[in-house]
Amino acid sequence: MKKFLVYVKSRPLGFISLVLLCLLYLCMIFAEFIAPYPAATTFGEMSYHPPNGRFYNGTFQAQEFRVTSTVAWKYARIRDSYEKVRFLGKGTPYKLLGLIPMERHLFTTARGAYPIFLMGADNLGRDIFSRIIHGSRISLTIGFVATAISLALAVLFGGLAGYYGGATDWSIMRICEFFMLIPGLYLILFLRSLLSSNMDSGQAYMMITVILSLVGWPGSARTIRGMVHAIKREEFVMNSQLEMIPSTLIITRDIIPQISSLLIVSIALSIPGFIMTETTLSYLGLGIVDPAVSWGSMIKRDISTLNNLKNYPWLLNPVWFLLGVTLAFNFLGDALRDYYDPYHTVFFKFPPFFRKKKNENPPDSKSVNMNSNTANYDSIAANTPLLELHDVTVDFSVLRGKEHIKVQAVRGVSFDLAKGEILGIVGESGSGKSVTTQAIPDLLPKNASVQGSILYEGKELTGLAINDLRLYRGKKIGMIFQEPGRSYDPLQNMGSVFFETFHNSDPYITRDAAMEKAEALLKETGLDNSRERLSNFPHQFSGGQLQRIGIALALAQGCELLVADEPTTALDVTIQKQIIELLRALRKTRRISIIFISHDIDLVADISDRILVMYGGLIMEAGGSGTISGGAALHPYTKALLAASPSFGSHYSKSRLLAIPGRVTDPSNPEPGCPFAPRCTKAKPECTSGIPPLALKEEGHEVRCVCIDNQEATS
Ligand SMILES: Nc1ncnc2c1ncn2[C@@H]1O[C@H](COP(=O)(O)OP(=O)(O)OP(=O)(O)O)[C@@H](O)[C@H]1O
């Protein structure tokens, strides 16, 4: 809670909403004290009295009016005639919280004196402000109670459907669909019409709450069912099942906590919906009736004619309250959602217009291009780079404690990639490999600021409008990730995934044509029985098969550049080898370019034409894969990676594998000079005096290390 409060302070709208809602709920609890009069108190001959609170002679007073027409209820001020408003003055007796007898009100006028109408009076001369405060009891609690009941039902039925599947799932989902088929308001009106129209306020309150809960649960149940369905296949749930832990315990202990953030956000977002529905029912005369009061019943009574609104605009005050509360719940819901899902977080520290445009800042390091002597694929079109990155930096603004700090994930990366080329990027976890490649199709979260230039076939991608970016993202530029299982909707079969993909680029494609194309692509990527497998769901495929499907989907969209972010890390060596072969074959047959990311320098060297070795958001060494893996690597970090690698390491050091000592650099507080210096056995004082430049050692081989020349000379 404390963490959320610190967080919400950075979201002005969320914070103001939270404060306002807390104040409103406090007013609701102490309604008798806050309101100057009871809700039902009428002041004779004062129908439609205008608001009369004024500051006069430095004190807050109630101005007196005289009625000029009792037909049209027109009033005129009586000059210099005021009644003192007493703060904590005595008024109508009441019981605070239903327990403590009291007479004091936050503010009121003396008994029998001219009343204070802070927000005017209604048709019966009742104080609108007092009625709004008293009415909040029903309006604000009905939302909470109905949300709590409907979410409890949704968790119960959605949880059962998702966890048990089969007939349970089928039956519950059909019931949900039945409820969802009927428009909500008609269903509410129908259910309400079944009930007696002579209910007192208490019964009406209970019945409306029950009706709202009954209508509200199916939508949430479907969402919860989908989440439970996915979570139940997570390894930690399977572990619990293996340990024979009872299902009820697995659901309550393992699964429900996983969806609790969704539940909290749902509560915040559905309360205003229920408040509005109560208002609608009361407005239609089917909800709360006199003597009870809710904002809905006030709106019904007060703004029933346009003429009333024109002559007595203060009758709209309950509407403004309702609107304010609805917006406040929505802003608070947004803040909660972002709090639980950091990828949605929006910070305005780096607005897009701060991004440097192409050529605005000339790159400080030379673009790494080593096609000429290292590429082992003869048809690489060396002169026409498909992709060029110039001095790309990526910073994240993150909230740590109470402060926004800057995480420098990528610090001036430049390279290019030719058509049909495979570029490997290797480095320890946190070195900036993924962030660099995610910056290309602008897949980074909104708290990221990308600077520098990213050219695709000469076209600048940074700062491109989302509509223009769509041509590249997921189309010309495809991506596959480490855990292919997470890339698919567990409830969608592969046929419909392919159909959606083809349909995106060709809205007129028929399902049969899409299936034929999908079958051909699956065959090309090496999946057996491809036609039959289109009816399978993601959980019916192995990791390797899903990776093949991911590649086929990228091809289906006309992918020219495939970013493979650790595509084989989760696979066993045999399957890993098959995927590598597939990628190699595709670049040959389709001339697609590939950026292959991995921690494993052996693997990267095996598949790539060139390798970038990254550390601390910088390219430490770049060269042909033969150069890097063939004993010509120069940078101490590259050598350390090779020494830590099972096959190359043993070749290189002729001794047991060597772990790299120390910890990976912290991107929120990078070292002043070479980021690897604190872990480097060859480090010298000059290593900490500034980031060394990426220097050309020979054609196509660049190294960022101040010690290299001396080292080479002395060794
Ligand atoms: N959304 C984010 N907000 C803040 N920092 C981030 C965010 N995403 C990544 N980072 C930071 O950027 C740095 C580089 O991350 P990146 O994912 O590129 O590393 P990586 O080399 O790909 O590691 P891995 O191999 O584990 O994926 C890391 O220190 C990471 O904590």
Average Cα contact separation per residue, the chain, under 8 Å, 6 or more apart, as relative contact order %: 10 percent
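Using heavy-atom solvent-accessible surface (probe 1.4 Å) with all chains present, what is the largest-first order of Lys90, Lys588?
Working: Lys90 110, Lys588 140 Å².
Sorted descending by solvent-accessible area, the residues read Lys588, Lys90.
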5 angstrom amide H check on His404, placed H, neighbours 5+ away: none
19 Å Cα-Cα threshold exceeded, pairs from Lys74/Lys310; Lys406/Lys446; Lys433/Lys577: Lys433/Lys577
Cα-based helix-to-principal-axis angle, 543-556 vs the chain, degrees rounded to 10: 80 degrees
Shape of segment 132-339, Cα gyration tensor, a/c cut at 1.5: prolate
Under 5 Å, built H, 5+ apart or other chain: amide partners of Asn536: Met494, Gly495
Amide proton proximity set for Phe43, modelled H, under 5 Å, gap of 5+: Arg126
Segment 680-687 - phi-based ³J(HN,Hα) in whole Hz, Karplus 6.51/-1.76/1.60, Gly and Pro as x: 8, 6, 9, 4, 10, x, 5, 5
Expected-Rg normalisation [2.2 N^0.38 Å, Cα atoms] applied to the chain: 1.27
Residues in segment 484-499 reached by a label modelled at Asn536 [backbone nitrogen below 12 Å; 7 Å Cα→Cβ]: 494-495
3J(HN,Hα) from dihedral phi, segment 322-334, Karplus parametrisation 6.51/-1.76/1.60, rounded to Hz, x for glycine, proline: 4, 5, x, 5, 4, 5, 4, 5, 5, 5, 5, x, 4
In Hz, Karplus ³J(HN,Hα) per residue of segment 416-421 (6.51, -1.76, 1.60; θ = phi - 60°; x = Gly, Pro): 9, 9, 8, 5, x, 9
Leu284-Leu20 FRET efficiency (beta carbon distance; Förster radius 41 Å; 0.05 resolution): 0.90
Using alpha-carbon coordinates, inclination of helix 201-231 to the longest axis of the chain, degrees: 0 degrees
Partners for Lys523 among aspartates and glutamates (Cα-Cα distance below 16 Å; same-chain residues under 8 apart left out): Glu532, Glu581
Computed label-point distance, nm, for sites Leu189 and Ile175 using a 7 Å Cα→Cβ extension: 2.7 nm
Kirkwood-type radius of segment 1-71, with distances r between different C-alpha atoms, in Å: 16.3 Å
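Could you give the accessible area per residue of the chain, probe 1.4 Å, as a whole number in Å²?
Working: 33540 Å² over 715 residues.
I get 47 Å² per residue for this part.
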Relative intensity, log₁₀ I(q)/I(0), of segment 501-552 from a Debye sum that treats every alpha carbon as a point, q = 0.13, 0.28 Å⁻¹: -0.30, -1.14
Nearby aspartates and glutamates by direct alpha-carbon distance to Lys639 (threshold 12 angstrom, same-chain neighbours under 8 apart not counted): Glu621
Accessible surface, 1.4 Å probe, highest first, among residues Trp295, Trp320: Trp320, Trp295
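Add -39500 (n - 2.57) for each DSSP H run of 4 or more in the chain, then divide by its residues: what number comes out at 222 nm, to the nearest 500 deg cm²/dmol? Write down the numbers at each step before the final one.
Details: 24 runs with 304 residues, N = 715.
So the calculated ellipticity at 222 nm is -13500 deg cm²/dmol.
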Length-normalised contact order for segment 53-143 - Cα pairs under 8 Å, 6+ apart - percent: 20 percent
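The values are calculated or read from the model by the stated rules, or taken from the named source; none is laboratory data. Everything numeric here is computed off the predicted structure, so don't read it as measured data. Because the Cβ atoms are built from the backbone with ideal geometry, glycine has one as well, and the counts that use them run over all protein chains shown. Protein only, heavy atoms only, side chains kept; ligands, DNA and RNA dropped before computing areas. Shrake-Rupley method; radii C 1.70, N 1.55, O 1.52, S 1.80 Å.
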